[in-house]
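Notes follow once the structure below has been shown.
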Amino acid sequence: MIRKLLVTVLFGLLLHLPPVSAEDVVMARSNLPFPEAMLALQESIRAHGYTVARVQRVDIGLTGMGYKTDKYRIVFAGKLEEIRKLTELAPQLIPYLPPKISIFAEGEQTVLVTVHPKLYAGIAGAAVDPVIFERWANDLQSIFHDVRMAE
Amino acid sequence: MPVTDKFSRTSAICRCVTQLDDTIEMRLTLWVFLMCLFGTVSAAPDGAQLYMTHCATCHGDKGDGGVGVPLSLPAFLESVDDSFLRKTIRLGRPGRVMPAFRALGDAQVDAIVSHIRNWSGKPAPVFPDTPIKGDVQHGKELFASYCAACHGEMGEGGSGTGVTFSRKREQPIIAPALNNPGFLAAASDEMIRYTLQQGRAGTPMRSFLVQGLSEQDINDLVSAIRSMEDSEFTGERPEVTHEEAVIIVESPYTLDETVENLKESLISQNFKLIRTDYLEHGLVEEGQEDKRQVILHFCNFKFLFEALAIDPRVGIFLPCRVTVVERGDKVQVMTINPLYLSSLFNNDDLDEACKEMYGIYSEIIEDATL
């Protein structure tokens, strides 16, 4: 009985967790300058069991056009088995894989942006158990939280 | 979304609660559960926390601006009442990046508003609801000569939004859209008049009394802005696209041939090929990748620069990419559909740029698979 009570209390506590944002575009702002925020992001991605597949600069060539920062990157990350499974079951998802997060400097701070994984669920359709995207969404929330809290 | 989420969670819990056969135990459990549930409902929402979650990324932790305009400037807070803030949060600014927060409860919206008010520490101004009757035609003429340079010919707002630290732009803060249904539904005539009379110190928006317009001129301008209002506005963004998420075209060529064709076609469209690699690159040891999924990354700096000026968040589209996939005896060329992605951003200017991008993607693929 105590155990059951405990379970109920835990469930109740679950209701207190901050809700996952309803937005289609998920964003976070970190007080860290770009290099540190980038480090925190990659560390957290790895700590959540994902591989950072590539970090892509998208701003080479832009400074000449009046773009003041060279601090704009796209971080691609995923788990090999998951990506393989998804490309097999839902090939229409391929152009969105591996998932990516864009990270750029805003003054002394850093902004992270990505799309909400529930959108992938919509694209993948019935062929894929949406549980995987729910897990991505939770991990994403937790990764962004880590970056926000990192000092 | 959190609402439905909570419901499904609640019903799951109810189910497991009813399965207990011992009634006392059940009552106790239910009681504990209700206490927890009640706890969520009764706790006053934390404005600072809500602001951090929903607003800070765009407007800055302390309201000094970013993708969004500044909210903490004393001149701004003196010129808007709480109803304006509440309605702006609820309705957003359709097509101008600022989202509509429909899922927040009234108490949550109020908590965010108090948090914003705390920055100035001053009580909210109160503006009477009385409409201002000016000469619309004269107001429009004044608008064309005094306002259009920043707010656009039709009041559609400056290009780009908010404040930026990463690019040179004509103005440090981009002028908001005044013909926007979200703005017009939130702003009272008196609030607009006050803004024109006082300007907003610390922003490019100056006082037009100081600049020599009369009280009557200002009333005429208010009426001209009000005349941009569309009485049909329901709170929904009018033309949200229902696009397919991907563009997929079958290629009559082999995988290698298709990749070569694409390279040529990219270059003929003035793109620079950044690199070709496998989709699994970096996820698995080199050489172990699935060779039947090839990505071409490409870029056009001018286009990229323009896109970043429209919305700094467009990194999600970048770099431009086409994927070639071999499945069985079929070769397919795939890209994201820019029109689909764009529809997530609530940004009309971005929609325009993405229409262009859609055209370019289609042409490149068509060229390569002909």
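Just a few scattered comments:
- Restricting the range B:296-306 to residues that are within 10 Å of another protein chain (Cβ to nearest Cβ) and at pLDDT 80 or above, the residue that is nearest to residue B:332 (Cα to Cα): B:297
- Annotation: of all residues in the range B:302-326 being under 28 Å from residue B:258 (Cα atoms) and without any contact (Cβ under 8 Å) to a residue 12 or more places away in the chain, the one that is least open to solvent (accessible area, probe 1.4 Å) is B:315.
- Meets criteria (more than 21 Å from residue B:202 (Cα to Cα), at pLDDT 95 or above and within 14 Å of chain A (Cβ to nearest Cβ)) for residue B:43: no
- Per this entry, residue A:115 is not counted among residues that are surrounded by fewer than 23 Cβ atoms within 10 Å (Cβ to Cβ), within 14 Å of the chain's Cα centre (by Cα), modelled with pLDDT under 90 and at the interface with another protein chain (Cβ under 7 Å from one of its Cβ atoms).
Table: residues versus (1) open to solvent by less than 60 Å² (accessible area, probe 1.4 Å); (2) part of a strand (DSSP E or B); (3) in contact (Cβ under 8 Å) with a residue 12 or more places away in the chain; (4) touching a helix residue (DSSP H, G or I) at 6+ places or on another chain (Cβ under 8 Å).
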{"position": "B:243", "(1), (2), (3), (4)": "no, no, yes, yes"}
{"position": "B:249", "(1), (2), (3), (4)": "yes, yes, yes, yes"}
{"position": "B:258", "(1), (2), (3), (4)": "yes, no, yes, yes"}
{"position": "B:262", "(1), (2), (3), (4)": "yes, no, yes, yes"}
{"position": "B:265", "(1), (2), (3), (4)": "yes, no, yes, yes"}
{"position": "B:275", "(1), (2), (3), (4)": "yes, yes, yes, no"}
{"position": "B:287", "(1), (2), (3), (4)": "yes, no, no, no"}
{"position": "B:290", "(1), (2), (3), (4)": "yes, no, yes, yes"}
{"position": "B:296", "(1), (2), (3), (4)": "yes, yes, yes, yes"}
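- Within the range B:327-350, considering residues that are open to solvent by 10 Å² or more (accessible area, probe 1.4 Å), in contact (Cβ under 8 Å) with a residue 40 or more places away in the chain and under 19 Å from residue A:98 (Cβ atoms), the one nearest to the other protein chains (Cβ to nearest Cβ): B:336
- Residues (within 18 Å of the chain's Cα centre (by Cα) and at the interface with another protein chain (Cβ under 9 Å from one of its Cβ atoms)) located in the range A:78-99: A:78, A:79, A:80, A:83, A:93, A:94, A:95, A:96, A:97, A:98
- Residue check for residue A:109: under 19 Å from the mean Cα position of the chain (by Cα) and either more than 7 Å from chain B (Cβ to nearest Cβ) or at pLDDT 95 or above (or both): yes
The values are calculated or read from the model by the stated rules, or taken from the named source; none is laboratory data. Please read these numbers as outputs of a predicted model, since none were measured by experiment. Reconstructed Cβ throughout: ideal geometry from the backbone, glycine too, with neighbour counts over all protein chains shown. Side chains are part of the model used for accessible areas, which takes the heavy atoms of the whole protein and leaves out ligands, DNA and RNA. Shrake-Rupley method; radii C 1.70, N 1.55, O 1.52, S 1.80 Å.
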